[in-house]
Amino acid sequence: MKGRGLKKLALAIFAVAGVGGLVFSKAKLSKEWQDAALKTYVPPGEHDEFYAFLSGGFNGQIGVYGLPSGRLIKIVPVFSVNPENGYGYSEETKNLLMTSHGFIPWDDTHHPQLSQTNGVPDGRWIFINANNTPRIARIDLSEFRTVEIIEIPNSAGNHPSSFVTANTEYVTAATRFSIPIPQKDYPIEEYKKWAKGTITFIKVDNSEGEHNNRMSIAFQLLVPGYDYDLAHCGKGPSHGWCFFTSYNTEQAHTLLEINASQRDKDFILAVNWKRAEECIAQGKGKKMETVYYHNYIDPETGIAKSEKKTEVLVLTPKECPGVAYYLPTPKSPHGVDVTPDGKYIIGGGKLSINQPIHSFEKMIKAIQNKEFAGEIEGIPILKYESILHCEVKNLCLGPLHTEFDDKGYAYTSCFISSEVVKYDPKTCKILDRIPVYYSIGHLMIPGGDSAKPWGKYLIAMNKITKDRYLPTGPELPHAAQLIDISGEKMKMLLDFPTQGEPHYAQAIPASLVKPKVKKIYELEKNKHPHAVKTEEEAMKRGVVRKCDSNGKCEVHIYLTAIRSHFTPDNIEGVKVGDTVYFHVTNIEQDWDIPHGFAIFGAKNSNILIMPGETLTLKWTPQKPGVYPFYCTDFCSALHQEMQGYIRVSPKDADVKLCWSLGDQKRCAE
Amino acid sequence: MGDKLRPFQRLLIALASLLLLGVYFFPLWYIKLWAPQYPEWLGMFIWVNTITGENPHDLYNINILNHYIGMQEINPDIVPELKILPFIFAFFIIFGLIVAITGKKKLLKIWVWSFIIFGVLAIADFWWWEYRYGHNLDPRAPIKIPGGAYQPPLLGCKQLLNFKACSFPARGAYFAVASLILGFTAYIMDFFKKPEGRLT
C-alpha cells in the first residue's frame, strides 16, 4: 500500500513537473523572439521572399539561401570540384576549371555580384571572383550553374572583384597582391621596383539568346603596386566610374600587419572607364603578350570549351590622363560603397574610428580645379578636404563595409566592435547600433549596393561562431544573422549557420528569378555528340572500342537512364588498360528526376545527370573482373534495381564486345 | 406545311452543324493525375484525332509511371478510333448543313437520333478503352497488387494507388453537346408547335 502511494506521489510530481516544464519552456521564448519567429517562419511548402547568394570563401562555391528563413537551398559549385554532382570531374565540366597553370580544382570565392540593368539587379546572372588563381565566373540563374569562367592575367589575389557597372557593361577585377608584370624572379626585397597592380575591365556581352561566350577582357589599367582591396562601381551621376580601395601604400613586402598600417591615409582609386574607352579608341592601349584561359559551356551540347588567349590590352594612367585619381582615405580602407543615388562614396576605414564619406560632386569639382596633393605614376592625388562630404565621428571599431536601405540610410559592419551601425550618410549622424555575434565581416541588404535597395532585411556575415550552435569540435561553421531593418531601430531576428566562409553576398526578390528557372533540359535540343535519346539508339550505338597504333584503346559506352534502368546494363569485352567513357543521357523529361551514375573503383566521382542532359564519366579499370555500376540518386521505387555490370577481361583475352538489356543483345562487328 | 422545317429550325440545325467545328480546335476530354510527388499535376487531353499531354512531356511521363504497374503505353497512333473520329464529325457537319439547306424534317430526325446513338457509342467506346488500359496489365510488371485494376474514371475523380485520377469533358465535348442541344431543340420544336389556323 505504502509503495503504491509513493508511486502515485512520484507520478503526480512528474506530471506536474512535465506540465510545468511545458509552460516554462513556452514562457522562455520572450515576446521579442516570438515576434522574430513570426517574421522569419516560412510555413512548409511556402517559398522564401528573397534568394540570397553567399560566397563560400574557402569552399570555392556559392551558397543559395532563402530569406527570411535562412534555409540553405543549394550550393552552386563554381571554382571547386564537387563530387556530389560531378562538377569538375565529368568530361563536360572539366574544362571550366582550366587555367594557364593547368587544371585547378579549388579556389577561394569572395564577392558575388548580380548582373544589373540601370543599376538594379535583374536576376539574369551572378558573377563571382576566384581570389587565389585570379578568375571570374558567371552563373546563369535560369539553371543555377556556372556557365563561364575567365582567367585574369597579370593579377594575383583577385580580391576587389567581381563588381559590375550599372548596366553590366563591365565586370571588374583588380590585384590585391602586387606582382612583377610581366612575371620575373626579382629579389622580394626589391618590392618597390617590381610591384605592379592591375585594374581589369571585362566586357560583358549582354545580348539576348542562349550563348555563354560573353566575357572578354577589354583592357587592364597598370597601377602602382599597392594592395587593392575592394571595389564598387558608380551609378546615376557617378555612372562611368569605378572605385577601388587600397592599403599597403607603404609598399611593405614583409610583416604587413605592422608595416602596411603606418600611414594615416591610404587611397581609394577612382577609375573613369569611359575615359579609358576614349584612350583605347585613340590607340593608347598597348598589346601585351600573356596567357590566360577563357572557358564556357556550349549551351547546345553542355560541354565546356576552353580557349587559350595570348594577348591583353594594357593602358597606363600616364598615357591616358584623367583615367584615374587617388582619393586619400583613412586608414587601410576595406569596403568602398556608393550610395543608391550615386552621390556619395563611403570608404570603410578599417583602422580608423571615423568613417569618411566622399562626395562625387566635390570629387569632380576638385578634378576640374586641379586640387591635387601630389601625383603617383600619372595618377593625381586629390586633396582630402576638397572631396570630403563629412566624417562619421566615432562610428565604431574596425568599420569594413557599408550597404544602404531604401530610405537613404547607411549600415556599416564593424569587425572589432562586432556591431552594425546605422547612420544617415547625408548628415553623418549615427542613428542606431546593434551587436552581432561575433566579429562581422561584410553585411548585405537585398539590392543594398544597387540603385534600388529592398530595405527589409540585413544579414550580418560573422567570422566567429563559438557558442552560437551545437558544438562540432574545433572546426565550426560560420554564422549569419538576419536583422530586421524595416523600422527605426534594428531588430535581431535569426541566426543561421553558413557553408564555407561567406565574405560578401547578394540578394534579390525571388519573383525576379523564379519565373525563369528551368525545370528540365529539353532532350530534343540536346546536341551533345554522345547523346542517345532513346533506348533503341542506345542499343544501336552501344559500345565502341577504338585503338591507336600503340595499342592504347578507348571505349565509348552509350547509355540511357530512365526509371528504373540503364540501357544497356550488361557490357562485356572491355579490357584492362582501356580508357572507358560512360556517356550517360538521362532521357527523363520530368521535373526533379535526376539519375546518378557511379562505377566501382572510379577514381574521380559520380555524375548526377539532369533530365535531358548527357554527362560523361571516365573510368580506367585496373584488374579483370565483373564490376557493378548503379544509379546514385534515389530516383524511383525501383531505384535499388537500377544497376548493371561491366565485365573487364585481361588485355589479351578474346572476349567479344557485346552489350545487352533484358533479352536484347548486340555485339560489335 | 407537311415535311418542311421552319426557317428558325433550319437556322438552328445550321448553327448546330457549325458548332461541331469546335471539336477540331479543342480537346474532347481531359484526364488529370495528382499524387503527393506531383503537386503540379500531370494532364492529358483527348482530341478528335490524337492524345497529348497538357504540358509538353506529360504523356511521356504518364507512360513512364504506368510501366511500373504494367499498363500498356498510351500511344495515339494505335487507337483506330482517332483515325475515324474526324470523319464522323465531318459527316455530322455536312449532313447537318444538308438538313438546313433542304429543310427536310425526316433528315433532321435522322441527324438527331444518329448523333445521340453516336454519342452513346463514343462514350461506351471510351469506357472500353479505359477498361482495357486499367485491366490488361503486363504480368511481369514490377508492382502488382492482387486484384488491382487501374481503370480511370469516365467522369469525376478516383484514387488509383498513389494517384488521384480525374476525368472531365473538355471544351471540344461542350461544343458537341451544345450542337446536339441545338439540333434536338430544332427537332422537338415540331412537337410543341401551335395548331395552325387557331386564330381564324
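The values are calculated or read from the model by the stated rules, or taken from the named source; none is laboratory data. Only a predicted model underlies this, so the values are computations on that prediction, with no experimental measurement involved. Cβ atoms come from the backbone with ideal geometry, glycine included; neighbour counts cover every protein chain shown. Side chains are part of the model used for accessible areas, which takes the heavy atoms of the whole protein and leaves out ligands, DNA and RNA. Shrake-Rupley method; radii C 1.70, N 1.55, O 1.52, S 1.80 Å.
At a glance:
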{"quantity": "Coil-residue chymotrypsin sites (Phe, Trp or Tyr not before Pro) of the range B:12-80, DSSP, other Cβ within 10 Å capped at 15", "calculated": "B:F25"}
{"quantity": "Stretchable slack from B:T102 to B:I78, in nm (0.36 nm times residue separation minus alpha-carbon distance)", "calculated": "4.8 nm"}
{"quantity": "Percent RCO, i.e. relative contact order, over chain A, from Cα pairs under 8 Å lying at least 6 residues apart", "calculated": "10"}
{"quantity": "Minimum 20 Å² accessible area buried by the other protein chains, the range B:64-97 residues, probe 1.4 Å, relative to alone", "calculated": "B:I64, B:H67, B:Y68"}
{"quantity": "Chains A and B together, accessible area buried on both sides, 1.4 angstrom probe, square angstrom", "calculated": "1000"}
{"quantity": "Exposed-loop-free span, longest in chain B, where trypsin sites (Lys or Arg not before Pro) count as exposed if DSSP calls them loop and at most 14 other C-beta atoms lie within 10 Å", "calculated": "B:1-139"}
{"quantity": "Per-residue SASA entry for B:V120, accessible area with 1.4 Å probe, Å² rounded to 10", "calculated": "90"}
{"quantity": "Shape of chain B, Cα gyration tensor, a/c cut at 1.5", "calculated": "prolate"}
{"quantity": "C-alpha center-to-center spacing [the range A:408-432, the range B:117-189] in angstrom", "calculated": "68"}
{"quantity": "For chain B, calculated [θ]222 nm from helices alone, where every DSSP H run of n ≥ 4 adds -39500 (n - 2.57)", "calculated": "-16500 deg cm²/dmol"}
{"quantity": "Accessible-area composition of the range A:498-539, carbon plus sulfur, in percent [1.4 Å probe]", "calculated": "54"}
{"quantity": "Those residues of the range A:586-612 for which accessible area with every protein chain present is at least 30 Å² below the isolated value (1.4 Å probe)", "calculated": "A:Q589, A:D590, A:W591"}
{"quantity": "Too-long pairs where the Cα-Cα distance tops 26 Å, listed order kept, from A:K623/A:K656; A:K362/A:K429; A:K286/A:K308; A:K192/A:K350; A:K350/A:K514; A:K286/A:K331", "calculated": "A:K350/A:K514; A:K286/A:K331"}
{"quantity": "Between helix B:105-135 and chain B: long-axis angle, C-alpha atoms, 0 to 90°, nearest 10", "calculated": "10"}
{"quantity": "Inter-label distance, nm, simple model (7 Å from Cα along the C-beta direction), A:N206/A:V517", "calculated": "2.5"}
{"quantity": "Loop-located chymotrypsin sites (Phe, Trp or Tyr not before Pro) in the range A:550-624 whose Cβ has at most 16 other Cβ within 10 Å (DSSP)", "calculated": "A:W591, A:F600"}
{"quantity": "Cα-based reach from A:K407 at 18 Å (exclusive), listing aspartates and glutamates while leaving out same-chain residues under 8 positions away", "calculated": "A:D337, A:D341, A:D424, A:D432, A:D449, A:D484, A:E488"}
{"quantity": "Theoretical gain in end-to-end length, A:A281 to A:S261 [0.36 nm per residue, Cα-Cα removed]", "calculated": "3.3 nm"}
{"quantity": "Vicinal HN-Hα couplings computed from phi for the range A:407-420 (Karplus, 6.51 cos²θ - 1.76 cosθ + 1.60; Hz; Gly/Pro x)", "calculated": "9, x, 8, 10, 10, 10, 8, 10, 5, 6, 7, 6, 7, 10"}
{"quantity": "Subset of A:K519/A:K618; A:K540/A:K665; A:K184/A:K287 violating a 21 Å alpha-carbon distance limit", "calculated": "A:K519/A:K618"}
{"quantity": "At R0 = 56 Å, FRET efficiency that the Cβ-Cβ distance of B:L11 and B:R140 yields, to 0.05", "calculated": "0.45"}
{"quantity": "For A:K527, residues with placed amide H under 5 Å, excluding near neighbours", "calculated": "A:T301"}
{"quantity": "For the range A:162-302: rounded, prolate or oblate by the Cα gyration tensor [a/c cutoff 1.5]", "calculated": "prolate"}
{"quantity": "Dipole of the protein assembly as shown [Lys/Arg +1, Asp/Glu -1 at C-beta], most positive-end residue of A:S636, B:N49, B:L160", "calculated": "B:L160"}
{"quantity": "Cα gyration tensor shape for chain A, rounded if a/c is under 1.5, else prolate or oblate", "calculated": "oblate"}
{"quantity": "Loop trypsin sites (Lys or Arg not before Pro), the range A:628-669, which have at most 15 other Cβ atoms in a 10 Å radius of their Cβ (DSSP)", "calculated": "A:K651, A:K656"}
{"quantity": "Largest-first ordering by accessible area, 1.4 Å probe, given options A:E277, A:E208, A:E613", "calculated": "A:E208, A:E277, A:E613"}
{"quantity": "Candidate lysines - alpha carbon under 21 Å from B:K4, same-chain residues fewer than 8 apart omitted", "calculated": "B:K104, B:K105, B:K106, B:K109, B:K193, B:K194"}
{"quantity": "Heavy-atom accessible surface of the range B:7-197: percent carbon and sulfur, 1.4 Å", "calculated": "72"}
{"quantity": "Cα centroid of the range A:569-635 to Cα centroid of the range A:541-568, whole Å", "calculated": "10"}
{"quantity": "Accessible solvent surface per residue of the protein assembly as shown, calculated while the other protein chains remain in place, 1.4 angstrom probe, Å²", "calculated": "45"}
